[in-house]
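Reading through the structure tokens given below for one structure.
The values are calculated or read from the model by the stated rules, or taken from the named source; none is laboratory data. Every value quoted in this text rests on a predicted model; they were computed, and no experiment measured them. Quick reminder, even Gly has a Cβ in these numbers, built from the backbone with ideal geometry, and neighbours come from all protein chains shown.
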There are 2 protein chains.
Amino acid sequence: MMTMQTTPEGRTAVEPETGASRPVALMNSFSVPEGRDEVFLELWKQTSEYFRRQPGFRSLRLHRAVTPGAAYRAPHTTDEFRALVTQEAWLEFPSSPVLYEVVLAVGDDALGEAIR
Amino acid sequence: MMTMQTTPEGRTAVEPETGASRPVALMNSFSVPEGRDEVFLELWKQTSEYFRRQPGFRSLRLHRAVTPGAAYRAPHTTDEFRALVTQEAWLEFPSSPVLYEVVLAVGDDALGEAIR
């Protein structure tokens, strides 16, 4: 995914590279007001085209949040799941789950089945 | 990625399936206090093993947030990038970018190069 900050980063010291760079994944979350999907997509495409031209670019996926369906909910209703996630040990690790579908994919990750 | 809610979902009506299910991606973000990575990982593995046994499971990746390095920062300092992201049109789409590295990957997405 691509970064789209409206304030470009300031200049910062360049840290020494330690050998070959490891791949990183940018996950960027956008708030899109109702009815503004097309306007958003147009802007997003401009910026993603810029990143696709950069050296080292691998892949990107655009996702859209969806409501969980029955097949997704089923494993969350079993006793086994309940026992796992109600362990007290989980309390110190708050989580924020969101379910998505793939809208658009480019590059290594663009598996055929994921982008119908 | 896997869901780890500490409160299991309540019972909800099962909606009719419309043909074959489309793949979905759950993105779950966990807050892990400093020094608690190993405890978190142990819990996370238990839950991810549960999900890996479910019908329809495809793949998962665990990511850890990292600080941007030089190779990542470079394309964010060009005039072209600045011109793209300072367009007024972006103002209605606030974003929250976070950079990650892959810690662990299983299944379709476990590309060799991504999991050193």
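If I go through the stretch A:24-40 residue by residue, how many of them are more than 7 Å from every other protein chain (Cβ to nearest Cβ) and either among the charged types (D, E, K, R) or in contact with a strand residue (DSSP E or B) (Cβ under 8 Å, 6 or more places away or on another chain) (or both)?
3
Going by the structure shown, is A:Ser95 at pLDDT below 90 and either surrounded by fewer than 13 Cβ atoms within 10 Å (Cβ to Cβ) or under 21 Å from B:Leu62 (Cβ atoms) (or both)? So that I can check it myself, show each step before the final result.
On the way: at pLDDT below 90: no; either surrounded by fewer than 13 Cβ atoms within 10 Å (Cβ to Cβ) or under 21 Å from B:Leu62 (Cβ atoms) (or both): yes.
When the stated conditions are applied, A:Ser95 does not pass them.
Give me a count of the residues in the stretch B:45-91 that are facing chain A (nearest Cβ under 7 Å) and closer than 16 Å to A:Tyr72 by Cβ.
Number satisfying all stated conditions: 5.
Applying the selection to the stretch A:47-92, what residues are surrounded by 14 or more Cβ atoms within 10 Å (Cβ to Cβ), within 18 Å of B:Ser95 (Cα to Cα) and not hydroxyl-bearing (Ser, Thr, Tyr)?
Within the stretch A:47-92, A:Phe51, A:Leu60, A:Arg61, A:Leu62, A:His63 meet the criteria.
Can you spot a residue in the stretch A:37-45 that is more than 18 Å from the chain's Cα centre (by Cα), in a helix (DSSP H, G or I) and surrounded by 15 or more Cβ atoms within 10 Å (Cβ to Cβ)?
So far as the stretch A:37-45 goes, no, none of its residues is more than 18 Å from the chain's Cα centre (by Cα), in a helix (DSSP H, G or I) and surrounded by 15 or more Cβ atoms within 10 Å (Cβ to Cβ).
When you scan the stretch B:58-68, do you find a residue that is assigned to a helix (DSSP H, G or I) and closer than 30 Å to A:Val32 by Cβ, even just one?
Taking the stretch B:58-68 first, the residues assigned to a helix (DSSP H, G or I) are none.
No.
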